[in-house]
Amino acid sequence: MKYSYSLPYLTDRVYDIWWGSHIDFKHLAMVTSHLYQPTDKATIFKFKYIDNRELYEIGPLRGGKPFNYSLIKLANSDYLDANTCGNGDYYHNNADDVRVLHLCASGKNRSLFEYIDVNAIYCRYLCPAPPGTCTKEKTLRLWSNVTQWPNGALPVDGNNVTIPCEWTVIMDMNPARIAYFEINGDVIIQDTQDITIVAENIWIKGGSLKAGTSSTPFTHQFKIQLNGNQNATGFTVSPDLTGNKMLVNTGRL
C-alpha cells in the first residue's frame with residue numbers, strides 16, 4: 001500500500017508500538033494478510049499514547065467504507081486472548097497513568113481484505129470547558145483607565161500583560177511595548193484613532209482580539225508589530241510549537 005508500513009509480526013504475541021517522536025495517531029488503518037486463517041492465533045498490539053483520548057471508534061473498513069463502529073468494545077484486557085479474540089476487538093484504558101489501547105489483529109470474524117479502521121477521539125462526551133468560558137464582568141474596561149488595572153498602574157514598556165477571562169477591555173490608546181501578551185478575555189480596538197500593538201509574543205489563548213465588525217468595519221489603521229531578538233528565549237506554546245516573535249491564535253482574532 002502506498003504511504004503505508006508493511007511489517008512482519010508473529011502470531012500469539014503482544015507488541016508495544018510507539019513512534020520515536022512520541023506522536024499520537026488520530027487515525028489508523030490496519031489490514032491483516034489474506035492468508036490469515038480463522039484458526040490461527042491472533043496478534044495483539046498495545047498503542048501507548050500521551051495526549052488525552054476519551055474513546056476510540058473501531059470497526060471494519062470494507063470497500064473503502066467503514067461501518068458498525070463500536071464505542072466501547074471490551075471492559076477488560078483479559079478478553080484479548082490470542083486464542084479467541086476476533087479481528088478488531090479492543091480494550092481501551094485512558095487512566096492518566098496508563099493511557100493504552102489494546103487491539104486484536106486476527107483471522108477471526110473478518111472478511112477477505114478487510115481493514116481495521118481506528119479513530120482516536122480526543123473528546124466527545126467529556127470535553128473540558130472551552131478556554132475563555134467564565135462569568136464575564138458587566139462593565140467595560142478602558143485600557144487608558146489606570147484605576148481599572150491591578151495596582152492602579154498602566155502596563156509599561158517590557159511588561160508581561162494578561163487579560164483575564166472575565167475582562168472586556170477597550171483599547172483606546174497605543175499600549176506600551178509588551179513583552180508577552182496573553183488574551184483570555186476580550187480586547188476590542190476602539191475605532192477613534194490608529195492603534196499599534198508592539199509585543200514580542202502574543203497568544204490569543206481563549207479570548208478574542210477584535211477590530212471592527214462585518215457591519216461596522218474598522219476605519220483607522222490597526223497594526224500588530226512583533227519585536228524580539230532571533231536568539232532570545234523562545235516562547236513555548238506546546239512541546240512542538242516554540243519560537244520568537246510569535247502571534248498564536250487559539251481563540252478568536
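Placing pseudo-labels 7 Å out from each Cα toward the beta carbon at T242 and Y49 gives an inter-label distance of 2.5 nm. Projecting the Cα atoms of V156, N94, N145 onto the charge dipole of segment 81-213 (Cβ charges, centred on the Cα centre) puts N94 farthest toward the positive pole.
Look at the dipole of the chain built from charges on Cβ: of I202, I188, L35, the Cα furthest out on the positive end belongs to L35. For the pair V156 and T216, label points projected 7 Å from Cα toward Cβ lie 3.5 nm apart. Taking GluC sites (Glu not before Pro) that fall in a DSSP loop and have at most 16 other Cβ atoms within 10 Å as cut points, what is the longest piece of the chain between them? Within the chain, the longest run free of exposed GluC sites (Glu not before Pro) spans 167-253. Working from Cα pairs under 8 Å separated by at least six residues, relative contact order for the chain is 14 percent.
Compared with the alpha-carbon gap, the fully stretched path from N93 to S144 is longer by 13.2 nm at 0.36 nm per residue.
Given a Förster distance of 35 angstrom, what is the FRET efficiency for W18 paired with L112, based on the Cβ-Cβ distance and rounded to 0.05? List each step's numbers first, then the result.
Working: r = 30 Å, r/R0 = 0.86.
The calculated FRET efficiency here is 0.70.
Two numbers describe the Cα atoms of segment 141-249: Rg and Dmax, which are 14.0, 43 Å. Each 5 Å bin from 0 upward holds the following percent of the Cα-Cα pairs of the chain: 1, 5, 10, 13, 12, 9, 7, 7, 7, 8, 7, 6, 4, 2, 1, 0. The count of lysine pairs in the chain whose Cα atoms are under 22 Å apart, excluding pairs fewer than 8 places apart on the same chain, comes to 23. Of the residues N231, N94, N83, the one that moves most in a GNM of the chain with alpha-carbon contacts below 10 Å is N231.
Read the figures in this text as sums done on the coordinates, not as results from a lab. A quick note: this is a predicted structure, and the numbers were derived from the prediction, not measured. We place every Cβ from the backbone using ideal geometry, glycine too, and count neighbours over all the protein chains shown.
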